[in-house]
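Here is the structure we will look at, set down as structure tokens.
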Amino acid sequence: ADEYDPSSVFFTDGDSDRPGLADENGNFLTGDKLGLLTAKLLRSGMDDSERLIVAVPVSTNDGVVAALRATPGIDVILTKIGSPYVVKAMDDARAVYPDAKFLGWEANGGFLLGSDFRIPGGGILTKLATRDAVLPLLAEKLLARTKGLKLSELIDQEIPHRYNAAGVYATFEVDFGIRRDEALSLMQEMKKQLLPDLRDNKFVSYDKEGKTVLEDKVVSVNFATGQAEVRIEREIKGKKVLTFEVEKKAISELYRPDSPDIKEWHRVKSAVEGIFTPERGFPAVLSINILDGTSITFADIEKIAGKREIGIEDTKVSHIRPSGNEPVFRNYAMAETQEAADGIRDTGVGEIIPVLAREVWLGMTKSAGTRAVRTGEEPAKSDRPAIIKEKFEKSDFFKSLSESEKPEYIRSITELDRVIQEGERITTRLFFKLGIEGYTWGKRLPDSPILELMDKMTVQEKVDTIYDNLTGEQLEKLDTIFNKLTEEELEKLKKSYPGPGEPSTVWLKKRIIEEDVVAERWFGAGMIDMGAGLVSLPQEVLEYWPEEIYGAKHVAQYGARNLITSKHLTSKLPLSVQIHTFAEMITPRVKGTAYIGVNQDITAEEFEKACRQGRILDVLNEVELEPGRSYIVPAYTPHAYGEVDVDEIKAVTAEEDAKGTISFFDRLKFLGMKDRWQEWGISSLEMTREQLAALNPERLKKDILTMKPEQLESTRKWLKTAEEQGALRKIDMSRLEVAPVLVSAPETRDQARFDIVGSVEGRFLSGEYTIQDKQSIVSPGLLGGRQHMLVVYEGKVRLTTSKGKVFDLERGAEMFMYRNMGESYTVEALEGPAVVSAKVMPLAEVYDLSEPLRVGEEIAGTGRHTFAEKMSFVGYPGVTDTFDRLSIIDQMTTPPVIAGREHVLTVLEGSIMFRESDGTPVMALNKGDKFPIKEGYPEYIIDNVGIGEAVVRVDYAKTQEEKAVYATYDMVRKHIAEIEAAQVDLILPEEMFVPGGKNAPGSALWEQEQLRKYVNNKIRITTYSAHMGLKEAAKRSINEGAVAVLAATKSNIETADRSDPEVRDFLFGKKGKVRVLAIPDIDKEEELEDRGWYFNREVEGTALLLAAVTPDQIAREGEENAADDLQKLMSQLTHRDIPRQFLYYMLSYDEMGDALSRLPASLQKDAFGWLSFLVKNLLLTMPIKPYTDEALQQLENRRKVMWSV
């Protein structure tokens, strides 16, 4: 402006839908004020009798709103923020006021013309209900010329002197040291503090997925006047609609005096006053508006006292609003001067939002001082050790120590705090179960594969290691055994001493260990070894650092503890038959034998009789264990080991393991003791109580024959429960055998890979790294930033955390990974191949589209989170209903997929308590009971109150869109092997994607990377503009030998230039063989506003399945193949019963062969008849919409209820 002396300076954003304007002096005019000028120009071209309705977001400058309302013939509707809401407000108002004219704009100035307008002195400007930057920029010039004013003079005359400012707080992740997903969770909790939880005056509507949404009718309360603004409900096109129009009502009209809603409004007012304090420059709270975020109007009560009307000049506004999908909090400010508005903004983003975030975060973590915050009164870092010390001193463990021991333990806990804060290694002492504890099984120390894990160690070194790690109780037992040695036995031990003189007592005790048997090595179960000069600590102390060790989400789901028991177990003789109240998984390291479940349906009484008579092998199901597989043992299933070398993992603590286990048959080990049988004159497992007692005097309580009466009664109850749980029915091992699933990229699987070995009940995942020599791999997302245990089984590795810490780990080393060590780590094989096992407790996020899981695994309700299992869905024509099955371990809340929808719960197994969301009991339900849930029912809680897992069936009607999703994903999963083998070029409309490179979620390159990573690295996506038509698509190249699939819109096909040689060569000529998928039009944005699902993945999935089909498969009708499933899928996606022969028309033109003869004669002469047939008979009816701001959230919702490719 200084250089050129212009009448004005104007500019736009990159795609020219948001205008920017400055006057001749360079003073910037905000978009909402520019909209006001445009509205005044357009109003001047209307008749006085005509009505103009203006829709603008609630964040619009309140001076602009006041000026509009003061203009005769203009009504104003305030909406939520975003152009779709502005358009909705205009559309709703048009249905009620058909003779009015409509316009609107966003605060950024993007203008939406909802009607045709006559320009003063000009022609008719037709409506354009999408953001426009040109009209506002021309309008200010025309208005200034009409009035004979400079732009600065026009602004001074027409726009009220009310100023606004906006700022963002976007440093959650830096200030709190948290991940993006944790920042979003924190924002949700902050939002709850600023919004009232209203129960009354609700409106039931549906979101874009067809799910029930409860909207608040009351959107603002004025605490000075006692009035509220209430959104008006109207009937439009036969449907009840909650419009953005409001009417004022007295609070006494809306609520009873004792209404909880009144208390909620005052709770929010108090919360606001607690942070918007007079010290920060804020007077009293006048009103609160919750239409979109929390907009607070402040006023000096003394100054406005006695005024009949309060003007905007008496107020200031701070509008706080979280982003819907980014870790960002915005603050919109309005005041009487620009300086005052800037001050409100700066205080909001610099003090108020960070202080609120800190208070909420501390409440979430329940651990003061665990996170530093950029601003506010956070505890000093030096206070943290004092807080930890205080907690430790209150523990039962510390109280049990002698006064002389306590200072040593205080030094250790202080050092552990330093280790955790810096992300260094926490080492646990090795923990073994030994023969000295009374075990009569396992393998002798020199031969034990458990000890072989400790690489490059002699037998003596192994014995030393075990002795150094014995617990106090184990040492006492060892002393007892040593003291019972006879003189003869003691002399025999002394003779093996190689050195001069007499052996020490410790050396002799170690010889007992060497001759003993080693049964189990437990991982991560020992004391925390604090190193030289410091005493070891119990693992329970880790709960003092819940966030640093586990993270907020883990704590919310499981508490501040690790619920995994993992061990390596060997057995030389068969073990006792057991039952657990929980499921477990076994992974054999070598071939072995186990007995899992029963081979016939049997009652508890019959099972006990078989135990008593020694016929247990007649009813147990024998399983040959194979390395490379895992085997699930369901809860309450009788099982026993033969000779094995296995890993065993359970989702319980060691204490819960002991309490939830019962042994009741201890005679299998005698199968290999023929000599002993002959000594007793026994020819089978049948023996008397006296004979068993003589054979095994220390194990009397482990067998039904020798149990005391009270133990026998308890065992019978367990067996009866097993029968009720279905655990004594004939077992189907095909459902319980698990193959590893590759998680890492297919193209690197030969160098380094991570496989999911298996999972039980969603309570843990067991995985394994396999890394070739000098290769490396980055930890997968499901382990990133999570507490888990690593054990090096083979080779030597170097682990480097994302914080730069480096650890070299030899064979047999354990590595306790925790949250503060960083978001990820790299494992490099220094000596390979290296094998490293990993055990983790999964969170909800692992079940998403980027983490493929084992095919056939159920996603079930676990802990305090809920997931629906893989849909038992036959979604083809005529099918309207289906059901999900929820497996509940502890407690679950309403599954997202059925929230607010009408459904029926049926208890299939176990017992549950149905509760309101506040915990109020409603009804207890047992096996077979049903409970109907009406549409709009609020969220609820289901508690598992029985023994073992509760299983609940959920019946509800699925939308057609949901069926399309499940059908597509299921078919692609089924034919993944064929798709992996193909080279596929997908040619898709660019309108389906967001702009950007491969790091922009929702872009074409990002989608291509996802498909290459998880499906087939030979897939390529190229895009064309659907607006430009097939001529644009024809310019795309096709890889040699690739199967090309073109997704062409209905309009593309119908308007194609049939004479264009480039198009004809693309579809019918030498350029390539192009298969075609006919999809709906996507070129009219306004037609897409009410379509909810985003079908990018479904279009890609259908195209991939089409690429796998061959003409021969289509010809072999009645055979189960890709063509058969494509036929079913197309029936689902087109809402028609598609004959098999129709599939030929989805192939390329020259692949159709005889199928062309089935076309009408007129069409046979024109190759384009093939495409016409596609549009007429095979057009997909699923709604297709480009990615929008909400699209990624929609994907997140879908991840919770479906399987990815």
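Descriptive notes on the structure:
- Pick from region 35-59, criterion of a type in the set (V, I, T) and touching a helix residue (DSSP H, G or I) at 6+ places or on another chain (Cβ under 8 Å), ranking: surrounded by the fewest Cβ atoms within 10 Å (Cβ to Cβ): I53
- Each residue in region 211-233 was checked for being surrounded by 15 or more Cβ atoms within 10 Å (Cβ to Cβ) and in contact with a helix residue (DSSP H, G or I) (Cβ under 6 Å, 6 or more places away or on another chain), and 2 pass.
- So V623, is it of a type in the set (A, V, I, L, M), closer than 13 Å to R729 by Cα and crowded, with 18+ Cβ neighbours inside 10 Å: no
- Condition check for D23: under 47 Å from the mean Cα position of the chain (by Cα) and outside the structural domain of A341 (by TED's automatic domain parsing): no
- The set of residues in region 460-470 that are surrounded by 14 or more Cβ atoms within 10 Å (Cβ to Cβ) and either assigned to a loop (DSSP other than H, G, I, E, B) or charged (D, E, K, R) (or both) comprises K462, D464, N469, L470.
- Criterion violated by Y439 - all others in (1) buried (at least 19 other Cβ atoms within 10 Å of the Cβ); (2) at pLDDT below 80 satisfied: (1)
- The set of residues in region 390-406 that are surrounded by 10 or more Cβ atoms within 10 Å (Cβ to Cβ), without any contact (Cβ under 8 Å) to a residue 60 or more places away in the chain and within 20 Å of G533 (Cβ to Cβ) comprises F398, L401, K406.
- Screening region 168-277 for strands (runs of 3 or more DSSP E) wholly inside it with 1 or more residues that are under 25 Å from E309 (Cα atoms) and more than 35 Å from the chain's Cα centre (by Cα) returns the ranges 218-222, 227-236, 239-250.
- Criterion violated by F223 - all others in (1) at pLDDT below 90; (2) out of contact with any Lys or Arg (no Cβ under 8 Å at 6 or more places or on another chain); (3) more than 23 Å from N325 (Cβ to Cβ) satisfied: (2)
- Residue in region 482-489 that is free of Cβ contacts under 8 Å to residues at least 40 places away in the same chain, over 24 Å from F431 (Cβ atoms) and surrounded by 17 or more Cβ atoms within 10 Å (Cβ to Cβ) present: no
- Of the residues making up region 237-251, not a single one is polar (S, T, N, Q), buried (at least 17 other Cβ atoms within 10 Å of the Cβ), at pLDDT 85 or above and within 30 Å of Y550 (Cα to Cα).
- Residue match in region 1115-1129 (condition: assigned to a helix (DSSP H, G or I), modelled with pLDDT of 80 or more and within 20 Å of I1053 (Cα to Cα)): no
- Out of R118, R179, R199, R162, sole residue that is among the basic types (K, R) and crowded, with 21+ Cβ neighbours inside 10 Å: R162
- Within region 17-40, being touching a residue at least 40 places away in the same chain (Cβ under 8 Å), in a loop (DSSP other than H, G, I, E, B) and touching a strand residue (DSSP E or B) at 6+ places or on another chain (Cβ under 9 Å) holds for D17, R18, D23, E24, T30.
- Listed by first and then second residue, the pairs with beta-carbon distance under 6 Å, at least 6 apart or on different chains, first residue in region 258-280 and assigned by TED's automatic domain parsing to the domain that holds E351, second acidic (D, E) and modelled with pLDDT of 85 or more, are E264/D197.
- Of the residues examined, G758 is not one that is modelled with pLDDT under 85, within 22 Å of the chain's Cα centre (by Cα), part of a loop (DSSP other than H, G, I, E, B) and not charged (D, E, K, R).
- Number of residues in region 919-952 that are of a type in the set (D, E) and at pLDDT below 80 equals 1.
- Residue count, region 813-840 (criterion: assigned to a strand (DSSP E or B) and either small (G, A, S) or assigned by TED's automatic domain parsing to the domain that holds M530 (or both)): 5
- One residue stands out in region 1032-1059 among those that are at pLDDT below 90 and touching an Asp or Glu at 6+ places or on another chain (Cβ under 6 Å): the one that is surrounded by the fewest Cβ atoms within 10 Å (Cβ to Cβ), namely N1039.
- The residue pairs whose first member lies in region 812-826 and is more than 19 Å from L430 (Cβ to Cβ), whose second member is hydroxyl-bearing (S, T, Y) and in a strand (DSSP E or B), and whose beta carbons are closer than 8 Å, counting only pairs six or more residues apart or on different chains, are M821/T801; G822/T801; S824/T801; Y825/T800; Y825/T801; T826/S776; T826/T800.
- Any chance R18 is of a type outside the set (S, T, N, Q), closer than 25 Å to R330 by Cβ and in the same structural domain as V134 (by TED's automatic domain parsing): yes
Quick grid of which residues meet (1) surrounded by fewer than 16 Cβ atoms within 10 Å (Cβ to Cβ); (2) at pLDDT 85 or above; (3) not charged (D, E, K, R):
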residue: T800; (1), (2), (3): no, yes, yes
residue: D808; (1), (2), (3): yes, yes, no
residue: A844; (1), (2), (3): no, no, yes
residue: P877; (1), (2), (3): yes, no, yes
residue: T880; (1), (2), (3): yes, no, yes
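The values are calculated or read from the model by the stated rules, or taken from the named source; none is laboratory data. As the structure is a prediction and not an experimental result, all values here were calculated from the model. Note that we place each Cβ from the backbone using ideal geometry, even for glycine, and neighbour counts take in every protein chain shown.
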